[in-house]
Amino acid sequence: MTRISVVDDVSLEDPTLIEGFPGVGLVGKIATDHIIDAHGMSHYANVHCDGLPPVTVYRESETAATTPVRLYADSENDLVALRSDVPVKPGAATEVAACLGAWFDEVDLFPVFLSGLGREKGEEPPELYGIATGDGGEALARAEVSEPPESGLVSGPTGAMLAAALEDGRDAVGLVVESDPQFPDPEAARTLIRDGIDPVAGIETPTDGLVEQATEIRNAKQQLAERMQAANEESTQAEPLKMFQ
C-alpha cells in the first residue's frame, strides 16, 4: 500500500521538505521535531508506505491514534517536515524511498535529507557538510555549506531516497553532521539546523532550547536510540568509505 493521506489542506507553492528519519545521534529526528515545534507546523498528512512498521502511535492527553510517520506543513515558510516515531529496517528502505519519491514528484518538493556521521565528541563543534543530486548543489552553494572532507556513503531510507533522487535526476540535498555514535545528540542537531537546514530552506529557527534542554532531550529520545541499537536498525547514517578503499 502506498498512500499519502492529507488531513489538513495547507497551501504550498514550491515547498522544501525536511526529512527526519531517526539515525545516528537521532540528529535528523531531533532537528525535525524541533523545527516542527518552533514554527508551529500543522499536521498535514499521514504516510502509508509498504516497509513502514504496522504500528499505531498516540499522544499524551490525546485520544486520536495516528500513523508513526507523518508530514507537517507551514504555508508561511513554504515548508514540509517528515516526522518519524519509528526506525525503518534496512531491508525496507527501498520500498519506503519509492513510496515517498513518487509523492515528492507529485507535489514538486525540494527534499533536504539529514544524516549523522558517528564521531566521538570533542571540544570542537561538530562539522557539517553537504552533498547533492540534480541541481541541488546550487542550494548548497547559496547556503555556503561545506563540501565533504572525505569519501563516504549514506545508508538507510535516507540513503535510498538520495539514490532514487540521483537515478531520477531529482534536485535534492543531503546534509551530514558529525554526531555522537551512541547517544541522542541535540548539539549536533543544532548545528544541522543553524548551519544547514535554515540557510538551505531560507528560514530562521531559534535553537537556544536545544542547548538549554539538552539533558531533557537526551532522556526523551534515549529509549528510541536504545531500541534501534538493540535491533541493529539504524534508519540512516553516513560513514567513511576508507574501510572499502
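Could you say whether any residue in the range 196-209 is part of a helix (DSSP H, G or I), modelled with pLDDT of 90 or more, of a type in the set (Val, Ile, Thr) and under 20 Å from residue 88 (Cβ atoms)?
No: the range 196-209 contains no residue that is part of a helix (DSSP H, G or I), modelled with pLDDT of 90 or more, of a type in the set (Val, Ile, Thr) and under 20 Å from residue 88 (Cβ atoms).
What is the number of the single condition among (1) surrounded by fewer than 18 Cβ atoms within 10 Å (Cβ to Cβ); (2) hydrophobic (A, V, I, L, M, F, W, C); (3) within 20 Å of residue 13 (Cα to Cα) that residue 65 does not meet?
All conditions are met except number (3).
So which residues in the range 110-139 are outside any strand (DSSP E or B) and either touching a helix residue (DSSP H, G or I) at 6+ places or on another chain (Cβ under 7 Å) or small (Gly, Ala, Ser) (or both)?
Hits for the range 110-139 are 122, 125, 126, 134, 136, 137, 139.
Only one of these conditions is not met by residue 74: (1) closer than 25 Å to residue 154 by Cα; (2) open to solvent by less than 30 Å² (accessible area, probe 1.4 Å). Which number is it?
(1)
I'd like to verify a number: residues in the range 140-156 that are more than 18 Å from residue 240 (Cα to Cα) and assigned to a helix (DSSP H, G or I), how many?
4
Regarding the range 4-12, can at least one residue be identified that is touching a residue at least 24 places away in the same chain (Cβ under 8 Å), open to solvent by 70 Å² or more (accessible area, probe 1.4 Å) and among the β-branched types (Val, Ile, Thr)?
Scanning the range 4-12 turns up at least one residue that is touching a residue at least 24 places away in the same chain (Cβ under 8 Å), open to solvent by 70 Å² or more (accessible area, probe 1.4 Å) and among the β-branched types (Val, Ile, Thr).
Considering only the range 128-175, how many residues are of a type outside the set (S, T, N, Q), open to solvent by 60 Å² or more (accessible area, probe 1.4 Å) and either closer than 20 Å to residue 204 by Cα or touching a Lys or Arg at 6+ places or on another chain (Cβ under 6 Å) (or both)?
4
The values are calculated or read from the model by the stated rules, or taken from the named source; none is laboratory data. Nothing here was measured: the structure is a model prediction, and the numbers come from that model. Virtual Cβ from ideal backbone geometry, glycine too; neighbours counted across all protein chains shown. Each accessible area value is taken on the protein alone, full model and side chains, heavy atoms only, with ligands, DNA and RNA left out. Shrake-Rupley method; radii C 1.70, N 1.55, O 1.52, S 1.80 Å.
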